[in-house]
1. Please count how many residues of region 44-53 are farther than 12 Å from TYR75 by Cα and open to solvent by 80 Å² or more (accessible area, probe 1.4 Å).
2. Which of the residues that make up region 59-75 are crowded, with 18+ Cβ neighbours inside 10 Å and either farther than 19 Å from THR37 by Cβ or β-branched (Val, Ile, Thr) (or both)?
3. Restricting the first residue to region 87-101 and requiring it to be touching a residue at least 24 places away in the same chain (Cβ under 8 Å) and closer than 12 Å to CYS66 by Cα, which pairs with a second residue that is part of a helix (DSSP H, G or I) and of a type in the set (Gly, Ala, Ser) meet a Cβ separation below 6 Å and a spacing of at least six or different chains?
4. Could you list all residues from region 80-107 that are touching a Phe, Trp or Tyr at 6+ places or on another chain (Cβ under 8 Å) and of a type outside the set (Asp, Glu)?
5. Quick one: which of GLU56, GLU48 is without any contact (Cβ under 8 Å) to a residue 12 or more places away in the chain and assigned to a loop (DSSP other than H, G, I, E, B)?
6. So which of GLU105, GLU41, GLU118 is assigned to a helix (DSSP H, G or I), at pLDDT 95 or above and open to solvent by 40 Å² or more (accessible area, probe 1.4 Å)?
7. Out of everything in region 76-91 that is part of a helix (DSSP H, G or I) and open to solvent by less than 30 Å² (accessible area, probe 1.4 Å), what residue ends up being farthest from ILE24 (Cα to Cα)?
8. Which residues, taken from region 70-83, are of a type in the set (A, V, I, L, M, F, W, C) and within 9 Å of the chain's Cα centre (by Cα)?
Amino acid sequence: MRNSPQMLSTPASGQPRARKKVFIKPGFSQLDWMRLTTSGEDLRGVQELRGLTVEEVAQHNKRNDCWMIICGKVYNVTRYVDFHPGGRSQLMRAAGKDGTKLFFETHAWVNFESMLKECLVGFLT
């Protein structure tokens with residue numbers, strides 16, 4: 001059951017710790033997110049994919065303008081913030097930053113490339 005959605009291991013001790021549950025408002029479930037990503041709505045906010053620097057990504061660190069890097073790919077997660085099962089504050093920990101390590105420490109089982117493909121804005125250069 002290690003690193004399952006029900007129990008996570010703390011990096012230092014390897015001991016299980018309970019997940020913190022966050023209330024998700026109606027209309028903001030993961031199924032609602034999937035519905036939004038297939039709606040045709042522009043979730044990227046950019047015309048075309050391009051190379052981006054860490055400094056450029058760092059400028060997008062606000063709740064209403066939130067980009068993050070995961071595995072060298074840059075995602076505009078502004079619209080996803082309210083859908084995040086761990087709550088806004090957890091997602092904002094990686095706002096404007098490389099969130100790769102944090103992502104894999106907390107939910108390595110999640111296929112972020114599929115879930116965020118409509119939010120991809122570019123690649124880290």
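The values are calculated or read from the model by the stated rules, or taken from the named source; none is laboratory data. Bear in mind that the values here come from a model prediction, so they are computed numbers and not experimental data. Using ideal geometry, Cβ is built from the backbone for each residue, glycine included, and neighbour counts are taken over all protein chains shown. Each accessible area value is taken on the protein alone, full model and side chains, heavy atoms only, with ligands, DNA and RNA left out. Shrake-Rupley method; radii C 1.70, N 1.55, O 1.52, S 1.80 Å.
1. 2
2. HIS60, ILE69, ILE70, VAL74
3. GLY96/ALA58
4. Within region 80-107, TYR80, PHE83, LEU91, ALA94, ALA95, GLY96, PHE103 meet the criteria.
5. Numbers: GLU56 fails: assigned to a loop (DSSP other than H, G, I, E, B).
None of the other options fit; the residue is GLU48.
6. Selected residue: GLU118, the only one of GLU105, GLU41, GLU118 that is assigned to a helix (DSSP H, G or I), at pLDDT 95 or above and open to solvent by 40 Å² or more (accessible area, probe 1.4 Å).
7. LEU91
8. ILE70, VAL77, VAL81, listed by residue number.
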